[in-house]
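Please read the structure below before turning to the comments.
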Amino acid sequence: MGLIIFLGDSITDAGRRTSPNKLGFGYVNIFSERLEAQQQNWEIINRGVEGYVVQNVAETLHSECISLNPDYISILVGINDIGLIANSSASEQDKLYMLEDSIRAYHEMLFDLSRETQAKVIILEPFIFPEQGKYEDWIPWQKKMSKNIQKLARNYGAYFIPLQSPLNEKIQEQGYENITTDGIHLTLQGQQLLADIVKNSFHL
């Protein structure tokens with residue numbers, strides 16, 4: 001039996017501690033159900049933690065992931081970093097330094113994964129959905145982070161999976177309230193879309 005580990009923030013966490021199978025009530029659990037329906041035999045572990053920023057994932061990477069010798073790793077983190085930067089009263093220069101700190105943590109994480117595991121790693125793009133002006137000031141930082149982590153993924157042999165544009169398209173097709181609950185988190189329909197993107201990215 002192979003092992004798949006999911007790392008991230010509240011979008012990945014999705015209430016996993018109170019869910020019966022500890023996979024949460026979001027895309028990780030739906031992903032697991034998809035594999036079970038195909039009679040694929042995988043152990044799946046959800047290590048998402050509500051409120052985590054990139055540095056938190058990097059700091060717990062060995063104990064929560066690498067030490068378990070996974071075959072596949074999915075990482076979705078960064079939107080909390082973006083929020084902290086966008087909402088900060090710091091100067092633009094200091095905000096750029098904050099972004100650099102987040103990117104540096106991503107760099108350390110991918111460096112360690114490339115050296116200490118043979119797992120296939122996918123990096124899911126952090127996403128944000130502005131509406132009526134809310135979160136508009138997050139978009140420039142989301143774009144900067146996305147550009148940087150895409151480059152890092154390429155350098156370290158990981159797979160960067162775009163989410164912002166595909167989910168934006170679904171919002172255009174199906175309506176804002178059908179995909180996101182608050183501009184950050186996803187509805188059940190949004191979680192199903194994300195689960196399918198992850199499954200296709202792993203080619204499972």
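The values are calculated or read from the model by the stated rules, or taken from the named source; none is laboratory data. Bear in mind that the values here come from a model prediction, so they are computed numbers and not experimental data. As a convention, Cβ positions derive from the backbone with ideal geometry for all residues, glycine included, and neighbour counts pool all protein chains shown. Calculation scope for accessible area: heavy atoms of the full protein, side chains included, ligands and nucleic acids excluded. Shrake-Rupley method; radii C 1.70, N 1.55, O 1.52, S 1.80 Å.
Data overview
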| read-out | value |
| --- | --- |
| Index of the failed condition, residue 164 passing every other in (1) over 14 Å from the mean Cα position of the chain (by Cα); (2) surrounded by 13 or more Cβ atoms within 10 Å (Cβ to Cβ) | (1) |
| Test: residue 70 is farther than 21 Å from residue 190 by Cβ, open to solvent by less than 30 Å² (accessible area, probe 1.4 Å) and part of a loop (DSSP other than H, G, I, E, B) | yes |
| Residue in segment 114-123 that is assigned to a loop (DSSP other than H, G, I, E, B) and surrounded by 13 or more Cβ atoms within 10 Å (Cβ to Cβ) present | yes |
| Flag if residue 146 is among the small types (Gly, Ala, Ser), open to solvent by less than 20 Å² (accessible area, probe 1.4 Å) and under 23 Å from residue 106 (Cβ atoms) | yes |
| Selection count where residues are of a type in the set (Phe, Trp, Tyr) and either closer than 21 Å to residue 2 by Cα or open to solvent by less than 80 Å² (accessible area, probe 1.4 Å) (or both), scope segment 80-113 | 2 |
| Helices (runs of 4 or more DSSP H) wholly inside segment 1-66 containing at least 1 residues that are closer than 23 Å to residue 107 by Cβ and open to solvent by less than 10 Å² (accessible area, probe 1.4 Å) | 10-13, 54-59, 61-64 |
